[in-house]
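J.: Shown below is the structure under consideration.
The values are calculated or read from the model by the stated rules, or taken from the named source; none is laboratory data. Model, not experiment: these values are computed from the prediction. No Cβ is skipped: glycine too gets one built from the backbone with ideal geometry, and neighbour counts run over all protein chains shown. These area figures cover heavy atoms from the full protein model, side chains too; ligands, DNA and RNA do not enter into them. Shrake-Rupley method; radii C 1.70, N 1.55, O 1.52, S 1.80 Å.
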Amino acid sequence: MGFCRRGEIAAIVFLALCAPSVCDTFTNKTTGEILHGYLKSGGEQGNLVICTGEKDERQFNLSQWDWEIDRLGRKNKITVISLEDKLDLHIVCDALDAAIATAADDGPLFILLEMNCPGGQAEYIEKICDRLIRTDYCPVVGLIKSGPYGGALSGAAALALACDKIYMEPGTTIGAAAIFTGDRSTEKLSIAWQDYIGTLTRRKGRPELLARAMVDKDIEVIEVAQDGRRLFIQPSQAKSGQSVVRVWSPGGSLLTLTAGEAVRCNIADAIVIDRADVLRKMSAAGAEVVVDTSTADAARTFKKAQLKFDRLRNSLDGRIKQIERADNLQEAINLLREIKFEYQSMLSLAKRYPDLYLDVELIEEQLDSAEDYYRRAKVKKRELAGVNDVNTVD
């Protein structure tokens with residue numbers, strides 16, 4: 001998997017923090033020109049793109065403008081994107097990545113990322129986290145929903161932590177965000193993943209140590225009170241005059257928080273009943289709700305590809321057996337023609353859907369063999385019919 005190096009993570013976060021997050025009113029420092037609009041991606045190096053209320057697009061240099069967050073330039077709508085299963089398919093990851101980028105560039109009040117997810121492959125989780133970091137010009141709100149998985153667990157917890165706000169439905173949980181790879185590099189990846197999670201939580205002003213305890217079972221976390229402040233520290237960091245309020249992570253297992261606990265320790269912002277409750281809390285009760293179905297569509301597309309592959313495989317098995325007991329050469333030729341077409345279809349699926357994990361080279365070899373047998377059978381037929389011009393063989 002391709003974890004960002006520490007320097008790369010720091011650079012991404014620095015750029016995100018320096019960008020005018022969710023700006024809607026821009027004032028030119030020199031001319032006093034005022035623009036209402038929203039930011040989008042696509043500017044040349046050093047510039048950002050602003051879409052104004054007149055649907056005009058222009059690039060401008062950030063250093064020449066002051067900005068204010070007021071929603072005056074944004075569209076009165078939200079875009080809902082759902083992740084309702086494990087993120088372990090390349091096609092779904094790409095669809096989710098594209099959906100977030102497209103929605104952000106359309107200038108909604110915010111993107112609502114609804115999650116009921118047990119995690120997914122590390123490379124896919126990291127890709128979407130990075131997308132959320134780069135989408136700092138449009139707010140992304142996470143809603144952890146109740147359902148078969150009970151919340152946002154494992155890598156899905158990281159996705160939630162990358163959001164600007166986190167809301168949780170009653171009975172949901174967040175945490176246990178460790179990455180397991182099953183190879184010798186696990187320890188190094190775990191350290192990198194801890195740093196990555198720490199960066200996400202620092203960026204959003206959430207307790208970093210609690211997030212790290214979701215990744216490392218050996219991290220102990222206590223809450224202490226000092227001078228009216230709440231601090232989350234490790235027991236070894238406790239000082240005289242600090243009273244222990246609560247032990248959040250005793251060590252020995254990955255930290256997982258209920259909705260109530262997550263709100264109490266500032267990992268989450270609030271408990272909500274449903275999507276409409278989120279809109280009310282975000283002052284967007286009257287906004288248009290646009291539901292993006294990209295991830296569900298991608299999952300359905302992949303299932304169709306799986307079914308098609310299974311049909312092709314079963315058909316090929318049957319036709320190969322039929323050839324063995326073919327009564328005549330013409331019947332064998334017809335069967336070989338069908339086998340050739342089915343291998344071509346299988347090869348197309350293998351190249352288009354990497355999630356099928358098909359051996360492209362092996363299928364190409366099998367297709368070449370099928371085409372060779374087909375040509376030889378055609379030649380044999382013409383020879384038997386007294387036709388000597390083999391150059392006309394198709």
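J.: In segment 327-355, which residues are under 30 Å from Thr301 (Cβ atoms) and hydrophobic (A, V, I, L, M, F, W, C)?
T.: Within segment 327-355, Ile339, Phe341, Met346, Leu347, Leu349, Ala350 meet the criteria.
J.: Let me confirm something: among Arg206, Arg246, which residue is of a type in the set (Lys, Arg) and in contact with a strand residue (DSSP E or B) (Cβ under 6 Å, 6 or more places away or on another chain)?
T.: Answer to the selection: Arg246.
J.: Assigned to a strand (DSSP E or B), out of contact with any Cys (no Cβ under 8 Å at 6 or more places or on another chain) and not small (Gly, Ala, Ser): is that true of Ile267 in this structure?
T.: When the stated conditions are applied, Ile267 does not pass them.
J.: Restricting attention to segment 304-326, which residues are in a helix (DSSP H, G or I) and not charged (D, E, K, R)?
T.: Ala305, Gln306, Leu307, Phe309, Leu312, Asn314, Ser315, Leu316, Gly318, Ile320, Gln322, Ile323
J.: Next question, about the same structure. Considering only segment 76-90, state which residues are among the aliphatic types (A, V, I, L, M), out of contact with any Gly (no Cβ under 9 Å at 6 or more places or on another chain) and open to solvent by 30 Å² or more (accessible area, probe 1.4 Å).
T.: None - no residue of segment 76-90 is among the aliphatic types (A, V, I, L, M), out of contact with any Gly (no Cβ under 9 Å at 6 or more places or on another chain) and open to solvent by 30 Å² or more (accessible area, probe 1.4 Å), so the list stays empty.
J.: Now for a separate question. Picking from Ile166, Ile125, Ile144, which residue would you name as being open to solvent by less than 10 Å² (accessible area, probe 1.4 Å) and over 24 Å from Leu109 (Cα atoms)?
T.: On the way: Ile166 fails: over 24 Å from Leu109 (Cα atoms); Ile144 fails: over 24 Å from Leu109 (Cα atoms).
Exactly one of Ile166, Ile125, Ile144 is open to solvent by less than 10 Å² (accessible area, probe 1.4 Å) and over 24 Å from Leu109 (Cα atoms), namely Ile125.
This table checks each residue for (1) β-branched (Val, Ile, Thr); (2) modelled with pLDDT under 95; (3) on the phi < 0 side of the Ramachandran plot.
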residue	(1), (2), (3)
Leu113	no, no, yes
Ala122	no, yes, yes
Asp130	no, yes, yes
Tyr137	no, yes, yes
Val140	yes, no, yes
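J.: Where residues in segment 238-271 are more than 22 Å from Ala177 (Cβ to Cβ) and not basic (Lys, Arg), which of them is surrounded by the most Cβ atoms within 10 Å (Cβ to Cβ)?
T.: Applying the filter and picking the extreme gives Gln242.
J.: Here is a check on your reading of the model: is Gly241 without any contact (Cβ under 8 Å) to a residue 24 or more places away in the chain and in contact with a helix residue (DSSP H, G or I) (Cβ under 8 Å, 6 or more places away or on another chain)?
T.: Numbers: without any contact (Cβ under 8 Å) to a residue 24 or more places away in the chain: yes; in contact with a helix residue (DSSP H, G or I) (Cβ under 8 Å, 6 or more places away or on another chain): no.
Here the answer is no, as Gly241 does not meet what is asked.
J.: Same structure again: If you check Ile320 against the conditions, is it farther than 22 Å from Thr201 by Cα, open to solvent by 50 Å² or more (accessible area, probe 1.4 Å) and aliphatic (A, V, I, L, M)?
T.: Yes, satisfied.
J.: Now, a different point. If I filter segment 327-375 down to residues being aromatic (Phe, Trp, Tyr) and assigned to a helix (DSSP H, G or I), which single residue comes out as most open to solvent (accessible area, probe 1.4 Å)?
T.: Per the criteria, the residue is Tyr373.
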